[in-house]
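Below you'll find the structure, written out as structure tokens, and then a few comments.
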There are 2 protein chains.
Amino acid sequence: MKFVSFLSVVVNGEMIEYYDISGCYILRPWAMSIWELMQVFFDAEIKKMKINNSYFPLFVSKTVLEKEKDHIEGFAPEVAWVTKSGESELDVHIAIRPTSETVMYPYFSKWIRGHRDLPLRLNQWCNVVRWEFSNPTPFIRSREFLWQEGHTAFATKAEADSEVLDILELYRRIYEEFMAVPVIKGKKSEHEKFAGGLYTTTVEAFIPNTGRGIQGATSHCLGQNFAKMFEINFENEKGEKAMVWQNSWAYTTRTIGVMIMVHGDDKGLVLPPKVASVQVIVVPVPYKTVSTETLFDACAATVKCLSEAGIRAESDLRDNYSPGWKYSQWEMKGVPLRLEIGPKDLEKEQVRAVRRDNSEKVDIEMKNLAKEVKDMLDNIQQNLFDTAKVKRDACIQVVKTWDEFMEALNQKKMIFAPWCDEEEVERDVKARTKGETGAAKTLCSPFEQPDMPEGTLCFASGKPATKWTYWGRSY
Amino acid sequence: MKFVSFLSVVVNGEMIEYYDISGCYILRPWAMSIWELMQVFFDAEIKKMKINNSYFPLFVSKTVLEKEKDHIEGFAPEVAWVTKSGESELDVHIAIRPTSETVMYPYFSKWIRGHRDLPLRLNQWCNVVRWEFSNPTPFIRSREFLWQEGHTAFATKAEADSEVLDILELYRRIYEEFMAVPVIKGKKSEHEKFAGGLYTTTVEAFIPNTGRGIQGATSHCLGQNFAKMFEINFENEKGEKAMVWQNSWAYTTRTIGVMIMVHGDDKGLVLPPKVASVQVIVVPVPYKTVSTETLFDACAATVKCLSEAGIRAESDLRDNYSPGWKYSQWEMKGVPLRLEIGPKDLEKEQVRAVRRDNSEKVDIEMKNLAKEVKDMLDNIQQNLFDTAKVKRDACIQVVKTWDEFMEALNQKKMIFAPWCDEEEVERDVKARTKGETGAAKTLCSPFEQPDMPEGTLCFASGKPATKWTYWGRSY
């Protein structure tokens, strides 16, 4: 999907309304319902892991925000500052959270005393603000966005490491099982990791039509950097003073944007059944041989039958639009399956099913309705993922040399290359590829590493390569 | 509960942590879980009413905020302004929403064209900011708080009127069925209604220990004032141009504060079972005659049995605290029911149950466990409500004259008086009762009005009275 068409698809599909403050967007019910469906999944999963929800303030004072130096360097240019209330100047300027490490960790320090207070595992669902100036885009890069942010503290690094991956797996599931978007699990480079953290893991997606990578969600091990700054110490089992190991992790409304970019087409949105608030739309096809009442009754019966089987179905009985107009509108809104009911269908005791993903039309006997529709929705979900994966995989280009790299970059590929893993080299690649469409950077080094034959050299520096890494332009 | 004890109860009960910015508080998991339980209830109810969730931006531009004059007059002194991002001054100052009428209604105007676009019924769960300077108090009056805000538009006043009451009934249920707090449904006076609205309905609670009324939650009919300012017009069924009728309604985290004030006691929080994230805490009482393993197994079996019956139960198996210490801690946190299991209980195949609300102790046979515990929790829920209602009712004082009014006010009563319903008179009463502890004002005129014999005079003005109204000092 081209960029222009993404912008019109999110507006015409009633996901987004542009707002009069640049970089802020209205999430309409059609988008919020997707966010809520994922929230139900993720929230239940983290509660199983004994992670509790809390709510910390939107505001953070200047002194506290600036406590961890690397961290504030990463966020400072984007921080929005409150300086006035009513007509009065505030004595101290107050930042709006760009993320909540510095908001929360002074209290971690207060609450954690001994090893029995660990692990401390909190999450919150909230809004954050990053006043960015480059390319605001609905869902993908907005000045305010919704997310969950988890913040946890452990007695040992091993526990922290293990949680980082448990959470990353939930993020993979959100993308692959719900959004039907294939992602690659891996580690961010030193240059791209979270400001102030120890290491960052990520699920990376790729948008074939624009040839750009996109960071899907990240799970960071913060190590002990913040613990040191915020003095988060505890007495361990031996009675010695020790410092906690911390993680933070987040996914945002960006997930919805990635899904739209990956599946959307010329007709509009294509929603995977698992996240569609309306999975099946039932449209009556009136004709003079049958009374409106009979037809509407059949639609109602169909919706009832599907609802009782746990399928999210609605009917569109508006009398001021033609069936054709309704088909287009529900296609634009991405509803996975349309059921058409006309006089002939009534006669044959069937409905006509039309899939949004591949436009296939099938007649379904009413007596098998719920079962067939359920199977079809499962099939659509799987087909969307498979199709997206084939397209994504076709974009992956293995390169070994700088020339191959540049050629693949110009062809908007997701580049896979042996790399020496030096921060200096990544900076150099960025500098050499800088242009109107942005510089190339590392996306991630996948956990699944292919063999690296001895003597393999870094595509960029010519030094010995240490890991296979994905590169590309990105959002 | 006295004020000082409220502050220590919310901190010691691990509901709240004070934050380093005055008037902002951290909602800890013990408080958030209550908020979430109510959210599940309320969200499902409004979805049944076809009200959809959306999310509008945190920010509102100065021009838009100031569009409805009465409205902005009510909120202007409390508005927090963002004037800087990073090191740069913003060209235009941006307000943080104190409420979202002005954020949303320009888009209502855009989305609503014809009668088929109505009703438009949206809700959002979010944070709002009101930079108040008087008496910040956790839950009750904080500079940032969480709420839901519903905003709806209808073709007719009758539909709007009817929704106002449907929502108010949900607020009553939150207080009475979940929080076990008795409330009075009624209408706010002209002086106390929502700034810019047509009329405001409310559920009003009363805190016997402090002798103050407290506005529980409000459901406003906005009439057509905002519709006029924001040009929210539609073509009606006859093809004529018409203006919508609007409502807005909200409840906040204040609900939790009211609950704590009403039920809390010297030992700490008292949570009604319906909103307690832990309804039953199981505490082992070790003794040398029985192995720790046997005891812990019995605790685990008890928790399992209760969990399977849908009861939220946990055990406290910590080895570094005595049973007595644990009892105090769980009492402080307000868990409705404690089950103690010691060697004698094992022998007799029973557990000892101790109620938080009235300290009653009962032995329960293990074979009847789930059933008995369930009944006991229901009984606690009812008893908390009944007790609170008796206490609240004992505070209601009917007065007919100014002298009686002043006497009742000094005795911290919830005053019920015949009133002429003139705004001027309310202003006068406020002026005459102004003092260190705040002025008296109207709480509400209850929907259920007692008889008003002909010739009844207003307690304050001596003019003919038109309605019975509650008065008092309030939060």
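The values are calculated or read from the model by the stated rules, or taken from the named source; none is laboratory data. Everything quoted here is computed from the prediction, not taken from an experiment. Every residue, glycine as well, gets a Cβ built from its backbone with ideal geometry; the counts of neighbours run over all protein chains shown.
Let me confirm something: among A:Glu349, A:Glu365, A:Glu340, A:Glu360, which residue is on the phi > 0 side of the Ramachandran plot and surrounded by fewer than 21 Cβ atoms within 10 Å (Cβ to Cβ)?
Numbers: A:Glu365 fails: on the phi > 0 side of the Ramachandran plot; A:Glu340 fails: on the phi > 0 side of the Ramachandran plot; A:Glu360 fails: on the phi > 0 side of the Ramachandran plot.
It is A:Glu349.
Can you name the residue in segment A:126-168 that is assigned to a loop (DSSP other than H, G, I, E, B) and within 27 Å of A:Lys110 (Cβ to Cβ) and is also nearest to the other protein chains (Cβ to nearest Cβ) among such residues? Before you say what the answer is, go through the steps one by one.
Step one: list which residues in segment A:126-168 are assigned to a loop (DSSP other than H, G, I, E, B), which gives A:130-136, A:138-140, A:142-143, A:155-156.
Add one more test, that the residue is within 27 Å of A:Lys110 (Cβ to Cβ), and what stays is A:155-156.
Values: A:Ala155: 16, A:Thr156: 20 Å.
Ranking the qualifying residues of segment A:126-168, first place goes to A:Ala155.
Per-residue answers, yes or no, for (1) of a type in the set (Lys, Arg); (2) over 30 Å from B:Tyr107 (Cβ atoms); (3) loosely packed, with under 15 Cβ neighbours inside 10 Å:
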residue: A:Trp30; (1), (2), (3): no, no, no
residue: A:Ser33; (1), (2), (3): no, no, no
residue: A:Ala44; (1), (2), (3): no, yes, yes
residue: A:Ala76; (1), (2), (3): no, yes, no
residue: A:Glu101; (1), (2), (3): no, yes, no
residue: A:Lys110; (1), (2), (3): yes, yes, yes
residue: A:Arg121; (1), (2), (3): yes, yes, no
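Please tell me if A:Ala195 is away from chain B (no Cβ under 14 Å), at pLDDT below 95 and over 23 Å from A:Trp111 (Cβ atoms).
Yes, satisfied.
Which of the numbered conditions does A:Glu176 fail, given that it passes all the others? Conditions: (1) assigned to a helix (DSSP H, G or I); (2) within 30 Å of A:Glu14 (Cα to Cα); (3) touching a Leu at 6+ places or on another chain (Cβ under 8 Å).
Going through the list (1) assigned to a helix (DSSP H, G or I); (2) within 30 Å of A:Glu14 (Cα to Cα); (3) touching a Leu at 6+ places or on another chain (Cβ under 8 Å), A:Glu176 breaks only (3).
Quick check on segment B:198-212. Is at least one of its residues among the β-branched types (Val, Ile, Thr), within 20 Å of B:Phe226 (Cβ to Cβ) and more than 15 Å from the chain's Cα centre (by Cα)? Spell out how you get there, then give the answer.
First, the residues of segment B:198-212 that are among the β-branched types (Val, Ile, Thr): B:200-203, B:207, B:210.
Next, from what is left, pick out any that are within 20 Å of B:Phe226 (Cβ to Cβ): B:200-202.
Applying the additional criterion that residues be more than 15 Å from the chain's Cα centre (by Cα) yields B:200.
Yes, there is a match, as at least one residue in segment B:198-212 is among the β-branched types (Val, Ile, Thr), within 20 Å of B:Phe226 (Cβ to Cβ) and more than 15 Å from the chain's Cα centre (by Cα).
Every residue, every condition in (1) free of Cβ contacts under 8 Å to residues at least 12 places away in the same chain; (2) more than 22 Å from B:Thr456 (Cβ to Cβ), yes or no:
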{"position": "B:Asp375", "(1), (2)": "yes, yes"}
{"position": "B:Asn383", "(1), (2)": "no, yes"}
{"position": "B:Ala388", "(1), (2)": "no, yes"}
{"position": "B:Lys400", "(1), (2)": "no, no"}
{"position": "B:Glu404", "(1), (2)": "no, no"}
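Can you tell me which condition A:Val335 does not meet? The list is (1) part of a helix (DSSP H, G or I); (2) crowded, with 19+ Cβ neighbours inside 10 Å, and all the others hold.
(1)
Quick grid of which residues meet (1) within 18 Å of A:Leu146 (Cβ to Cβ); (2) among the small types (Gly, Ala, Ser):
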| site | (1), (2) |
| --- | --- |
| A:Ile34 | yes, no |
| A:Lys48 | no, no |
| A:Phe59 | yes, no |
| A:Leu65 | no, no |
| A:Gly74 | no, yes |
| A:His93 | no, no |
| A:Arg97 | yes, no |
| A:Trp111 | no, no |
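For every residue, the table says whether it meets (1) touching a Leu at 6+ places or on another chain (Cβ under 7 Å); (2) charged (D, E, K, R); (3) at the interface with another protein chain (Cβ under 10 Å from one of its Cβ atoms).
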{"position": "A:Ser88", "(1), (2), (3)": "no, no, yes"}
{"position": "A:Pro106", "(1), (2), (3)": "no, no, yes"}
{"position": "A:Ile112", "(1), (2), (3)": "yes, no, no"}
{"position": "A:Pro119", "(1), (2), (3)": "no, no, no"}
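Could you list all residues from segment A:8-32 that are within 9 Å of chain B (Cβ to nearest Cβ) and not in a loop (DSSP other than H, G, I, E, B)?
Matches in segment A:8-32: A:Glu17, A:Tyr25, A:Ile26, A:Leu27, A:Pro29, A:Trp30, A:Ala31, A:Met32.
With respect to A:Thr200, is the statement that it is surrounded by 20 or more Cβ atoms within 10 Å (Cβ to Cβ), in contact (Cβ under 8 Å) with a residue 60 or more places away in the chain and hydroxyl-bearing (Ser, Thr, Tyr) true? Working first, answer last.
Numbers: surrounded by 20 or more Cβ atoms within 10 Å (Cβ to Cβ): yes; in contact (Cβ under 8 Å) with a residue 60 or more places away in the chain: no; hydroxyl-bearing (Ser, Thr, Tyr): yes.
Judged against the criteria, A:Thr200 is not a match.
From the list A:Trp35, A:Trp81, pick out the single residue that is among the aromatic types (Phe, Trp, Tyr), within 22 Å of the chain's Cα centre (by Cα) and either closer than 20 Å to B:Phe56 by Cα or in a strand (DSSP E or B) (or both). Quick ask: steps written out before the conclusion?
Details: A:Trp81 fails: within 22 Å of the chain's Cα centre (by Cα).
Every option except A:Trp35 fails the conditions.
Please count how many residues of segment A:98-118 are among the acidic types (Asp, Glu) and closer than 13 Å to A:His71 by Cα. I'd like the intermediate steps shown before the answer.
The first filter runs over segment A:98-118 and keeps only residues among the acidic types (Asp, Glu), leaving A:101, A:117.
Pick out the ones that are also closer than 13 Å to A:His71 by Cα and you get A:101.
Here the count works out to 1.
Mind listing whichever residues of segment A:224-245 are in contact with a Lys or Arg (Cβ under 8 Å, 6 or more places away or on another chain) and closer than 27 Å to A:Ser445 by Cα? Even if it seems obvious, please write down each step before you answer.
Start the filter on segment A:224-245 by keeping residues that are in contact with a Lys or Arg (Cβ under 8 Å, 6 or more places away or on another chain), which leaves A:229-230, A:233-235, A:243, A:245.
Listed by number, the list holds a single entry, A:Trp245.
I need every pair where a residue in segment B:417-434 that is in contact (Cβ under 8 Å) with a residue 60 or more places away in the chain has its Cβ under 7 Å from the Cβ of a residue that is of a type in the set (Asp, Glu), sequence separation at least 6 or different chains.
B:Glu423/B:Glu190
From the list A:Met452, A:Met414, A:Met406, which residue is more than 27 Å from the chain's Cα centre (by Cα) and within 29 Å of A:Asn135 (Cα to Cα)?
Details: A:Met452 fails: within 29 Å of A:Asn135 (Cα to Cα); A:Met414 fails: more than 27 Å from the chain's Cα centre (by Cα).
One residue alone meets the criteria, A:Met406.
Restricting attention to segment A:46-60, and to residues there that are more than 10 Å from every other protein chain (Cβ to nearest Cβ) and not charged (D, E, K, R), which single residue is surrounded by the most Cβ atoms within 10 Å (Cβ to Cβ)?
Applying the filter and picking the extreme gives A:Ile46.
Restricting to segment B:42-69, and then to whatever is β-branched (Val, Ile, Thr) and in contact (Cβ under 8 Å) with a residue 60 or more places away in the chain, can you tell me which residue is farthest from A:Trp30 (Cα to Cα)? Steps first, please.
Initially, segment B:42-69 is screened for residues β-branched (Val, Ile, Thr), giving B:46, B:51, B:60, B:63-64.
Right, trim to in contact (Cβ under 8 Å) with a residue 60 or more places away in the chain and you get B:46, B:51.
Numbers: B:Ile46: 16, B:Ile51: 12 Å.
Step by step, filter segment B:42-69, then rank; the result is B:Ile46.
Out of all the residues in segment B:294-315, which are assigned to a helix (DSSP H, G or I) and either under 20 Å from B:Asn383 (Cα atoms) or touching a residue at least 12 places away in the same chain (Cβ under 8 Å) (or both)? Spell out how you get there, then give the answer.
Taking segment B:294-315 first, the residues assigned to a helix (DSSP H, G or I) are B:294-308.
Passing the criteria: B:Thr294, B:Leu295, B:Phe296, B:Ala298, B:Cys299, B:Ala300, B:Thr302, B:Val303, B:Cys305, B:Leu306, B:Glu308.
Of all residues in segment A:235-293, which are without any contact (Cβ under 8 Å) to a residue 24 or more places away in the chain and more than 25 Å from A:Ser328 (Cβ to Cβ)?
A:Lys238, A:Gly239, A:Glu240, A:Lys241, A:Met243, A:Ser291, A:Glu293
Can you tell me which residue is farthest from B:Glu448 (Cα to Cα) among those in segment B:375-418 that are of a type in the set (Phe, Trp, Tyr) and in contact with a Phe, Trp or Tyr (Cβ under 7 Å, 6 or more places away or on another chain)?
Residue satisfying both the conditions and the ranking: B:Trp402.
Which of the residues belonging to segment B:417-453 are among the charged types (D, E, K, R) and at pLDDT 95 or above?
So in segment B:417-453, the residues among the charged types (D, E, K, R) come out as B:421-424, B:426-428, B:430, B:432, B:434, B:436, B:441, B:448, B:451.
Passing the criteria: B:Asp421, B:Glu422, B:Glu423, B:Glu424, B:Glu426, B:Arg427, B:Asp428, B:Lys430, B:Arg432, B:Lys441, B:Glu448, B:Asp451.
In segment B:187-272, which strands (runs of 3 or more DSSP E) lie fully inside it and hold 2 or more residues that are closer than 17 Å to B:Tyr175 by Cα? Step through it out loud before you land on a result.
Working: elements: B:199-207, B:212-223, B:233-235, B:241-243, B:245-252.
By residue number, B:199-207, B:212-223, B:245-252.
Condition check ((1) touching a strand residue (DSSP E or B) at 6+ places or on another chain (Cβ under 8 Å); (2) surrounded by fewer than 13 Cβ atoms within 10 Å (Cβ to Cβ)) across all residues:
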| site | (1), (2) |
| --- | --- |
| B:Asp386 | no, yes |
| B:Met406 | no, no |
| B:Glu424 | no, yes |
| B:Asp428 | no, no |
| B:Ala440 | yes, no |
| B:Cys444 | yes, no |
| B:Met452 | yes, no |
| B:Thr456 | yes, no |
| B:Ala465 | yes, no |
